[in-house]
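Okay, so here's the structure we're looking at.
The values are calculated or read from the model by the stated rules, or taken from the named source; none is laboratory data. Every value quoted in this text rests on a predicted model; they were computed, and no experiment measured them. Virtual Cβ from ideal backbone geometry, glycine too; neighbours counted across all protein chains shown. Just so you know, the surface numbers come from the protein's heavy atoms only, side chains and all, with ligands and any DNA or RNA stripped out. Shrake-Rupley method; radii C 1.70, N 1.55, O 1.52, S 1.80 Å.
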Amino acid sequence: MIQRISAGFGNLVQSFRVASSSSKIGCYYGFSSQASSSLQQTCEPSNYRDDDYADLDWDNLGFGIMPTDYMYLMKCSKGEDFEQGQLNRYGNIELGPAAGVLNYGQAVYEGTKVHRKEDGRLLLFRPEQNAMRMKFGAERMCMPSPSIDQFVDAVKQTVLANKRWVPPPGKGSLYIRPLLMGSGQILGLGAAPEYTFLVYVSPVGNYFKGFAPLNLYVEKDFDRASRGGTGGIKSITNYAPGLKALTKAKNRGFSDVLYLDSVNRKNIEEVSSCNIFIVKGNAISTPAINGTILPGVTRRSIIEIARDHGYQVEECVIPIDELIDADEVFCTGTAVGVASIGSITYEGKRIKFKTGAQTVSQELYSTLVGIKTGLIEDKMGWIVEIE
């Protein structure tokens, strides 16, 4: 079941000119909230038609930032609610040196994707899940957050304004990055006096180069998260601390790092930026959400798809020793999709797993991608069609 939701630009868009053979996005006029009077109105025409694409080598997209046409901005003050945002031309934003995000890391972000169908329609995957996760993370980081409707509407507006950057069918996707941060200046430790919600996009291909199975290294010296910390939300502070372990692993020829729990260092938790699943026969297991593991949208979707396919899925504690008996291992995430793991190296021993076409991970991946791209009927009601 596809949700058909038209992006209501309302008074954010002064004109949306439609010709018989093409549509052009006209001038966008932004109306600021009380806390964002410094944002000026934007009136920049985009000279392209619905059937036009940006001038890119669509066959060789990597996973990197590519400046597009527009981004979305919305601000509010501490103790207030977000009201109205605006579409601005993509570009740098201004922050004071004492901004809360720069000094104290007060920010959370999300990631989702939109795909283009053969008939040109744009399909967005479960954006309300990202909106709810951002609200949960914002509460943990003492920040106001956009409502679910505001979040989804901002995403839809940003996608439509950058429609020519959505890759052709089968060539990739448009990655969407909503970001919420403490933009106001504060010297002492505390919540920032002002907050900015923004959305930008970039066309992307695969997160990992090629489709080769991943080779993971089990990290024992560094922790990703700890009990009572922020491992269960998408705080920006969760990721830079993992760069040292990731760099060390890549320098040794590994694809990524698999982290263990910080208490006993015996149980599997997460890969650097994705959740992990273990397959044994008809049983699939993944670490239970316990405050240190991110509740991934792709993770949740794969669990539901697997159960629909007849697999027995369990969310539980998984000791690292259980890897020896696993048939398959794979990881999931918005950026990576579903990635097969060929081997995991732990305490000098390399454990190999089944990979290839006739695997559970490939079966689940095919179904997930089919739903996202409109090739498989969406019986879950996950797809939001942007029009």
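Data overview
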quantity	calculated
Charge dipole (debye, nearest 20) of the chain; +1 at Cβ of Lys and Arg, -1 at Cβ of Asp and Glu	560 debye
Alpha-carbon Rg/Rh ratio, for segment 263-378, with Rh computed the Kirkwood way	0.95
Residue of Thr112, Thr237, Thr298 that the Gaussian network model of the chain assigns the largest fluctuation, springs spanning Cα pairs under 10 Å	Thr237
Charge context of Lys220, other residues only, Cβ under 10 angstrom, K/R +1, D/E -1	-3
Angle in degrees between helix 148-161 and the longest Cα principal axis of the chain, rounded to the nearest 10	70 degrees
Degrees between helix 127-140 axis and first principal axis of the chain (Cα, 0 to 90, nearest 10)	80 degrees
Area of Asp153 that stays accessible when all protein chains are in place (1.4 Å probe, Å², to 10)	40 Å²
Hits among aspartates and glutamates - C-alpha to C-alpha of Lys379 under 15 Å, sequence gap 8 or more where chains match	Glu304, Asp308
Gained length - Glu315 relative to Ser147, 0.36 nm times residue gap less alpha-carbon distance	57.5 nm
In sequence order, calculated HN-Hα J values of segment 279-294 (Karplus, 6.51, -1.76, 1.60; Hz; x Gly/Pro)	10, 9, x, 8, 9, 10, 10, 8, x, 6, 5, 9, x, 9, 10, 5
Heavy-atom accessible area per residue - segment 293-342, 1.4 Å, Å²	38 Å²
Arg350 accessible area, 1.4 Å probe, all protein chains in place, Å² to nearest 10	140 Å²
Most fluctuating residue given options Ile376, Ile344, Ile293, as computed from a GNM of the chain linking Cα atoms under 10 Å	Ile376
Difference of contour (0.36 nm per residue) and Cα-Cα distance, Gln185 to Asn92	31.7 nm
Accessible area per residue in Å² at 1.4 Å probe, computed on segment 96-144	37 Å²
Share of carbon and sulfur in the accessible heavy-atom surface of the chain [1.4 Å probe, %]	49 percent
Accessible surface of Asp55 - all protein chains present, 1.4 Å probe, nearest 10 Å²	150 Å²
Rounded, prolate or oblate (a/c below 1.5 giving rounded, otherwise prolate when a/b exceeds b/c) for segment 247-287 by Cα gyration tensor	oblate
Summed residue charge, Cβ within 12 Å of Glu270's Cβ, Lys/Arg positive, Asp/Glu negative	-3
Antiparallel content of DSSP bridges confined to the chain, in %, to 5	80 percent
Per residue, the convex hull volume that the Cα atoms of the chain enclose (Å³)	139 Å³
Test item: Cα-centred dipole of segment 102-239, Lys/Arg +1 and Asp/Glu -1 on Cβ, debye	480 debye
Computed magnitude of the charge dipole of segment 231-387 (debye, nearest 20; Cβ of K, R +1, Cβ of D, E -1)	760 debye
The chain: most fluctuating residue of Asn103, Asn238, Asn264 per GNM, C-alpha cutoff 10 Å	Asn264
Within segment 154-238, trypsin sites (Lys or Arg not before Pro) in DSSP loop having at most 11 other beta-carbon neighbours inside 10 Å	Lys209, Arg227
Per-pair calculated FRET efficiency, R0 = 35 Å: Lys250 and Asp57 via Cβ, rounded to 0.05	0.85
Förster radius 25 Å - calculated FRET efficiency between Arg121 and Gln358 (Cβ-Cβ, nearest 0.05)	0.20
Mean projected area in nm² (Cα convex hull; one quarter of hull surface) for segment 315-387	6.8 nm²
Ranked by how many other beta carbons lie within 10 Å on average, peptides 270-278, 132-140 from highest	270-278, 132-140
Helical mean residue ellipticity (222 nm; -39500 (n - 2.57) per DSSP H run of 4+; nearest 500) of the chain	-5500 deg cm²/dmol
